[in-house]
Amino acid sequence: MKITILTLFPEMFDGVFSTSILGKSLADKIWELEILNIRDFSCSKHHEVDDKTYGGGRGRIIKPDVLDSALQSVLKKNGNRNVDSSWQNFYVSKEDGAFNPELIHSTLFSGFIILGKIQSVELQYNDLHLLCGIQNSRVSNIVVGDHCAIRDVHYLDNYILKDRVILFNVQEMCCTKHSKFGNGILKEGEPEEHRVWLGIANENDGRAVLPFEDMIPADAYLWSHYRDDQELLDRFKEMTELGNTKKLDTIGLVGNDSVIKNSNIIKDTKVGECAYIKGAFKIKNTTILSSAEEVSQIGEGVELVNGILGYGSRVFYQAIAVRFVIGRNCQVKYGARILNSVLGDNSTISCCEVLNNLIFPFHEQHHNSSFLIATTIMGQSNIAAGATIGSNHNSRSPDGEIFAKRGFWPGLCSDFKHNSRFASFVLVSKGSYQYELDIPYPFALVSPQNSETQAIQITPAWMFMYDMFAITRNGGKFKKRDKRKTKIQNIEFDPLAPDTMQEILFALDRIIGLTAIYLKQNNPEYMKNAKSDSEVFQLAKDYLHKNPTANFVLEDHLCQKRYGAVIAKPAQAYKMYRKIVKYYATKTLMEYCTSLNIDSLNLDVVNKIRKLPLYTEWENVGGQIMPSEKIQLLFESIKSGSINDWKAVHQYYNLCECEYGQYKVRYALYLLEQLYSCPIEDFTSEIYKNILEDVTVVANEIYNEAFKSREKDYYDYYRNMTYRSSSEMENVIGKLSDNEFLIQLKEETKEFVEKIHTFIGGGVS
């Protein structure tokens, strides 16, 4: 370590540094001392170094040109060079003792250089320890905050570094004057073809959107899926450009406490606070959002081009993303490729290709060789290994699409063709699906084509009948996985919500309609008295009510192109769907009354609920469930100018969320009345008895199925045969009796069943 002292009195230091421990360490060359006389740098005849203070008054000050020459001498002696030989481009902190020139070595400077405090302060990040300063680098046009370390940076140009930033072993880091940091805007004089668009949900850019720093999947969904309103689309574009400068004066930024090391090219990139970038291959025209609470990280071999990386996200191990918006707390790793896609919060992408997609929050795709192209996936989804979602045919234009509502779960090595559509929480068995699909039955199991008939098989409500544990688990699983510190939008985690209830109502009507066709063909005597469509519908409905265990199948020709589908166990599915609707509606009503400190449903409460607005059509907007009518009101507000930026749009989402509880309870009342085709005031004691029985059954089934699912891990021969003993098994997977999820679920179920009897057992009075 070398210390250089600039002083007017060099002789006074001889005694100080020649004695005691300081003198011994100096003699042993543990450190070096250099004392420079400031007078040696004066150009005046009498070597004057001071002058009168500006504006008069008592005292003298050191002439700035003399001090500057002294500092220059130290900088030059340490192997530093400046394209401006006069060093007039070089500005340092004026605070006493804030600038130590000895900490700058072997560096070439050009353009304007503005440096904050450079003192003997050690910066540390994990095992990297660096002393503040600039060494072995080439820098130009930089503004550096306090206590930064720039070491072995081959080229650094046009950047602002905030405080305590570390740049270590970086090949090239620069910012051009026309950088947009991944936003879909233009600078002055730029042609339209230079604008960055994201071709989401469609390979032919028919649903393309402009990325922006605050974009969330909800924004991308509204922009990409309402393409028939040109005025609205124009306003979206205007809102995206609002507040962004068009001048060619862009300068890059690295936020406080960020670390960039061992990286190749970082160009036209804005880096937030506390970000960690190591071994990146190329980051270009990108914004990396990061904060102390939600630290973003980029690792080895990564390429990021033209996009926005959300807070707390991590990209590692040769992953590539081009034209993208990646949400908060996502992971992209192990060679994953993302192109022209928007990825929702708390999602994981690894070992696969994701091209031209709009993906809502909580998407999992971390298995080898899975492929996702030209899709809208509404989150809470999991794509299995080898699954191919969307494949084009040579005879078609590459403009096909797949649309899957939340909870989409295709099996291993499944493949699907454009165009296909799936209801919520559809489980698809392993297989090659040769024709386009349209699956309107939520919580269904879809199985491959029968070799003889080529029809696929669909079991509606399968998850309710055979895998209630998965539904129960999903409700809490995603909530626990939500790592967002700042929640721009509320996400509906519960599989039972207005969007899925809406789908169930549609599925019920579809099963009734198909049953009517079946009865006309196979039991014409039963249907002979039906004269009108409504009478036909009612007779089919009555048949399903009276024969809940009937063993027959239906044909639904719309579910698969060319060969259609066989609907298995329609009577059982019909019964289960109705049970679930009753359970959801009653539970929602009870939760509302509990919030009002009311123990049982009564007419006063019913009348209060009726005064709330009723919405019967719902839409999943980026993970938030909203009434369709509210979306239209949002559009009108945007077109009128009362909502004129994306921040206001996000505030609108939050306003809808604040009223969501009221929307749900009004819809819950509507659901019950739809099921029984009469107002709740007219419900008979028999109806209330039926509701009570079904809701109680569902509540108990939820717990019992969850328990059975876990229990088999302990008593199934094939599950426990790998363990030497039961005690070893318990040490590996834990005791069944200690399962926190089951303990909590049991208590909640018991409490719910007790409350429901009080709540609805006596009917509405």
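Cβ-Cβ distances below 8 Å connect the following pairs, each with a first residue in region 345-371 that is touching a residue at least 24 places away in the same chain (Cβ under 8 Å), a second residue that is acidic (Asp, Glu) and buried (at least 24 other Cβ atoms within 10 Å of the Cβ), and a separation of six or more residues or different chains: Pro361/Asp345; Phe362/Asp345. Filtering Ile756, Ile687 for residues that are surrounded by 15 or more Cβ atoms within 10 Å (Cβ to Cβ) and farther than 28 Å from Gly475 by Cα leaves a single hit, Ile687.
Is region 386-406 home to any residue that is in contact with a helix residue (DSSP H, G or I) (Cβ under 8 Å, 6 or more places away or on another chain), crowded, with 18+ Cβ neighbours inside 10 Å and either assigned to a loop (DSSP other than H, G, I, E, B) or of a type in the set (Phe, Trp, Tyr) (or both)? For region 386-406, residues in contact with a helix residue (DSSP H, G or I) (Cβ under 8 Å, 6 or more places away or on another chain), crowded, with 18+ Cβ neighbours inside 10 Å and either assigned to a loop (DSSP other than H, G, I, E, B) or of a type in the set (Phe, Trp, Tyr) (or both): present. Exactly one residue out of Glu192, Glu231, Glu213, Glu203 is farther than 22 Å from Asn82 by Cβ and in contact with a helix residue (DSSP H, G or I) (Cβ under 7 Å, 6 or more places away or on another chain): that is Glu231.
Among the residues examined, Cys148 does not qualify as buried (at least 21 other Cβ atoms within 10 Å of the Cβ), of a type in the set (A, V, I, L, M, F, W, C) and either under 30 Å from Asn340 (Cα atoms) or modelled with pLDDT under 90 (or both). Count of region 630-647 residues, restricted to those that are assigned to a helix (DSSP H, G or I) and either at positive phi or surrounded by 15 or more Cβ atoms within 10 Å (Cβ to Cβ) (or both), is 7.
Output the residue which, of all residues in region 606-623 that are part of a loop (DSSP other than H, G, I, E, B) and touching a residue at least 24 places away in the same chain (Cβ under 8 Å), is farthest from Phe683 (Cα to Cα). Taking the candidates together, the pick is Gly622. Residues that are free of Cβ contacts under 8 Å to residues at least 60 places away in the same chain, on the phi < 0 side of the Ramachandran plot and in a loop (DSSP other than H, G, I, E, B) do not occur anywhere in region 501-520. Of the residues that sit in region 292-334 and are of a type in the set (Gly, Ala, Ser) and free of Cβ contacts under 8 Å to residues at least 60 places away in the same chain, which one is farthest from Ile265 (Cα to Cα)? Among them, the one singled out is Ala292. Filter region 183-234 for residues that are part of a loop (DSSP other than H, G, I, E, B), surrounded by 14 or more Cβ atoms within 10 Å (Cβ to Cβ) and among the charged types (D, E, K, R); which is farthest from the chain's Cα centre (by Cα)? That would be Glu190.
So that you can scan it fast, the table gives a plain yes or no per residue for (1) assigned to a strand (DSSP E or B); (2) more than 18 Å from Arg323 (Cβ to Cβ); (3) in contact with a strand residue (DSSP E or B) (Cβ under 7 Å, 6 or more places away or on another chain):
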{"position": "Asn264", "(1), (2), (3)": "yes, yes, yes"}
{"position": "Asp268", "(1), (2), (3)": "yes, no, yes"}
{"position": "Lys284", "(1), (2), (3)": "yes, no, yes"}
{"position": "Gly301", "(1), (2), (3)": "no, yes, no"}
{"position": "Val305", "(1), (2), (3)": "yes, no, yes"}
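Filtered by the rule that a residue be among the hydrophobic types (A, V, I, L, M, F, W, C) and over 14 Å from Asn141 (Cβ atoms), region 96-118 gives Ala98, Phe99, Leu103, Ile104, Ile118. Those residues that are assigned to a helix (DSSP H, G or I) and hydroxyl-bearing (Ser, Thr, Tyr), I need them from region 657-703; list them, please. Hits for region 657-703 are Tyr660, Tyr663, Tyr667, Tyr670, Tyr676, Ser685, Tyr688, Thr696, Tyr703.
Reported count of residues in region 307-337, each being within 20 Å of Lys278 (Cβ to Cβ) and in a strand (DSSP E or B), is 10.
Checking the structure you have, find out if any residue of region 143-158 is touching a residue at least 12 places away in the same chain (Cβ under 8 Å), of a type outside the set (Ser, Thr, Tyr), at positive phi and out of contact with any Ser or Thr (no Cβ under 7 Å at 6 or more places or on another chain). Yes, that holds for at least one residue. Counting the residues of region 429-488 that are of a type in the set (D, E, K, R), modelled with pLDDT of 90 or more and surrounded by 16 or more Cβ atoms within 10 Å (Cβ to Cβ) gives 2.
The values are calculated or read from the model by the stated rules, or taken from the named source; none is laboratory data. Nothing here was measured: the structure is a model prediction, and the numbers come from that model. Cβ coordinates were reconstructed from backbone atoms using ideal geometry, including for glycine residues, and neighbour counts include every protein chain displayed.
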